[in-house]
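Read through the structure below, which is laid out as structure tokens, and then see the notes.
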Amino acid sequence: METKRLWTPAFINYGISSGIFYMTQYVLVAALPIVLTSDLEGSAVDAGLAMTYFQIGTILCRPFAGRLIDSFDKRYILLLSTALFFIIMGLFNFTASLNTIFVLRGLHGIVFALATTVMAALAVLVLPNERKGEGINMFAVFSNVAMVLGPAIGLYALQSYGSSALYSFLTVMTGFALVLSNVVKLPKSLSVSKYTERKGWHISQFIEKRSLPWALMGLFIGFTYSGVLVFIPIELNAMGEGIWGSIFFALFALMIIISRPIVGKVYARFGSSFVIYPGILLFILGLGMLGFTSSPVIIISTAPLLGLGYGAAQPAFQALAVQSAPMERAGVATATYFLALDISVGLGSVILALVANAWGYNHLYQLTALVMVVALGLYHFGIRRYVAVAE
């Protein structure tokens, strides 16, 4: 009975540590543009570049992260990545120029990708086989909590105490995550891969082909999510209702957190399709409503629908991506899926910005709703046949 426990100390520690790392990112997403434009006299373009450098770092690292994690003792990769994350976060306390910020953000993205990938892979490995799908869904709760807390903490700390206190707080938190994630006593038999890599360079060392169908679905949902993430705050701010942006994302993330235990149980008992179909349909409904409104109240009312939809479908695709591969390939499978999300969010931000500039926000959301309709059709008529293999 003990072996079937979901909430083991190892799973909890990896989840909290991962949540802290995600929180630092959400804190900086909210607060760093203000620091750059106010304290360092940068422009709006500079604020955008800080996010771009981070995204480039994550995209460059993801494929190599999977190979590293599956080729070496995961305990050492975890220690190295969390220690480097702590050091980089500490260096923010000594930044005095825009160029230094850009360099640190690039490094931040690289180490963030490695650390969060290894934590996710280890969390999968410590889960009982019959509860991996449910467990991966629950693991996402930690990043969802970070999504709620990060922007609020970042803006409060910056406005109340200044950037120095903000950086010091983040350094302390990442130091706590460093200790918490590495204090877990993990058996060597679990952390050392039994997979024998072929010599030379092969795509299979960086990409898990059995995870590609689910990574493709991740591309669709990441692309559409980028429209919500980037343009909802801008649209509300343009309406003179900027404060509603925080409320929107609080409702969005809160709905994910509240529904997660139910979604996990449904996934475990009935299978992934019982989660994916309602999730995509709710996401389409929320995007469709955004495509035909200019009212802040209605925009806010879509947050629970979008939160439920995204919170059901996205973790299900991640779970299937990992479950479709052998457990000794968990690192590469996790990295393959995350790489798809990183690329789609990055490209989506750029492509949808062009759409918004040319045709406005309503057409942007109509387009993203259409993209998810295509994704639903692709899943139903093509990708769904891979579910039996993964589960």
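The single condition among (1) modelled with pLDDT of 90 or more; (2) open to solvent by 20 Å² or more (accessible area, probe 1.4 Å); (3) closer than 19 Å to residue 170 by Cα that residue 12 does not meet is (3).
Matching residues to (1) within 18 Å of residue 171 (Cβ to Cβ); (2) not acidic (Asp, Glu):
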{"residue": "5", "(1), (2)": "no, yes"}
{"residue": "20", "(1), (2)": "yes, yes"}
{"residue": "34", "(1), (2)": "no, yes"}
{"residue": "46", "(1), (2)": "no, no"}
{"residue": "51", "(1), (2)": "no, yes"}
{"residue": "62", "(1), (2)": "no, yes"}
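Only one of these is surrounded by fewer than 21 Cβ atoms within 10 Å (Cβ to Cβ) and either closer than 27 Å to residue 267 by Cα or modelled with pLDDT of 90 or more (or both): 332, 387, 322. Name it. I'd like the intermediate steps shown before the answer.
Details: 332 fails: surrounded by fewer than 21 Cβ atoms within 10 Å (Cβ to Cβ); 322 fails: surrounded by fewer than 21 Cβ atoms within 10 Å (Cβ to Cβ).
Sole residue among the options that is surrounded by fewer than 21 Cβ atoms within 10 Å (Cβ to Cβ) and either closer than 27 Å to residue 267 by Cα or modelled with pLDDT of 90 or more (or both): 387.
Among the residues of region 141-164, is there at least one that is part of a helix (DSSP H, G or I), touching a residue at least 40 places away in the same chain (Cβ under 8 Å) and in contact with a Pro (Cβ under 7 Å, 6 or more places away or on another chain)? The answer is no, given that none of the residues of region 141-164 is part of a helix (DSSP H, G or I), touching a residue at least 40 places away in the same chain (Cβ under 8 Å) and in contact with a Pro (Cβ under 7 Å, 6 or more places away or on another chain). Exactly one residue out of 344, 294, 273 is of a type outside the set (Phe, Trp, Tyr), touching a residue at least 40 places away in the same chain (Cβ under 8 Å) and in contact with a Leu (Cβ under 8 Å, 6 or more places away or on another chain): that is 344.
Return the residue satisfying two criteria in turn: it lies in region 335-375 and is over 27 Å from residue 235 (Cα atoms) and not aromatic (Phe, Trp, Tyr), and of such residues it is most open to solvent (accessible area, probe 1.4 Å).
In the first step, residues of region 335-375 are kept if they are over 27 Å from residue 235 (Cα atoms); the result is 335-339.
Subset that is not aromatic (Phe, Trp, Tyr): 335-336, 339.
Numbers: 335: 1, 336: 7, 339: 22 Å².
Of everything passing the filter in region 335-375, 339 is most open to solvent (accessible area, probe 1.4 Å).
The single residue among 84, 40, 36 that is among the hydrophobic types (A, V, I, L, M, F, W, C), in contact with a helix residue (DSSP H, G or I) (Cβ under 6 Å, 6 or more places away or on another chain) and without any contact (Cβ under 8 Å) to a residue 40 or more places away in the chain turns out to be 84. Restricting 78, 68, 104, 91 to residues that are of a type outside the set (D, E, K, R) and closer than 15 Å to residue 40 by Cβ narrows the list to 104. Within region 335-381, take every residue that is closer than 19 Å to residue 116 by Cβ and among the small types (Gly, Ala, Ser) and give me the one that is modelled with the highest pLDDT. Among those residues, the one meeting the criterion is 340. Could you list all residues from region 221-249 that are open to solvent by 30 Å² or more (accessible area, probe 1.4 Å) and aromatic (Phe, Trp, Tyr)? Scanning region 221-249 gives 223, 244, 249.
To keep it simple, each residue is scored yes or no on (1) open to solvent by 20 Å² or more (accessible area, probe 1.4 Å); (2) at pLDDT 85 or above; (3) not hydrophobic (A, V, I, L, M, F, W, C).
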site: 252; (1), (2), (3): no, yes, no
site: 268; (1), (2), (3): yes, no, no
site: 273; (1), (2), (3): yes, yes, yes
site: 276; (1), (2), (3): no, yes, no
site: 282; (1), (2), (3): yes, yes, no
site: 287; (1), (2), (3): no, yes, no
site: 296; (1), (2), (3): yes, yes, yes
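Inspect region 303-313 for any residue being assigned to a helix (DSSP H, G or I), touching a helix residue (DSSP H, G or I) at 6+ places or on another chain (Cβ under 6 Å), surrounded by fewer than 20 Cβ atoms within 10 Å (Cβ to Cβ) and touching a residue at least 60 places away in the same chain (Cβ under 8 Å) and give the result as yes or no. No, that holds for no residue. Scanning region 109-138 for residues that are under 27 Å from residue 251 (Cα atoms) and at pLDDT below 85 yields 133, 134, 135, 136, 137, 138. Between 200, 162, 154, the distinction of being at pLDDT 80 or above and not β-branched (Val, Ile, Thr) belongs to 162 only.
The values are calculated or read from the model by the stated rules, or taken from the named source; none is laboratory data. Just so we're clear, the structure is a prediction, and the values are computed from it rather than from any experiment. Here Cβ is always computed from backbone atoms with ideal geometry, including for glycine, and neighbour counts include all displayed protein chains. Note: areas computed on protein heavy atoms with side chains; ligands, DNA, RNA excluded. Shrake-Rupley method; radii C 1.70, N 1.55, O 1.52, S 1.80 Å.
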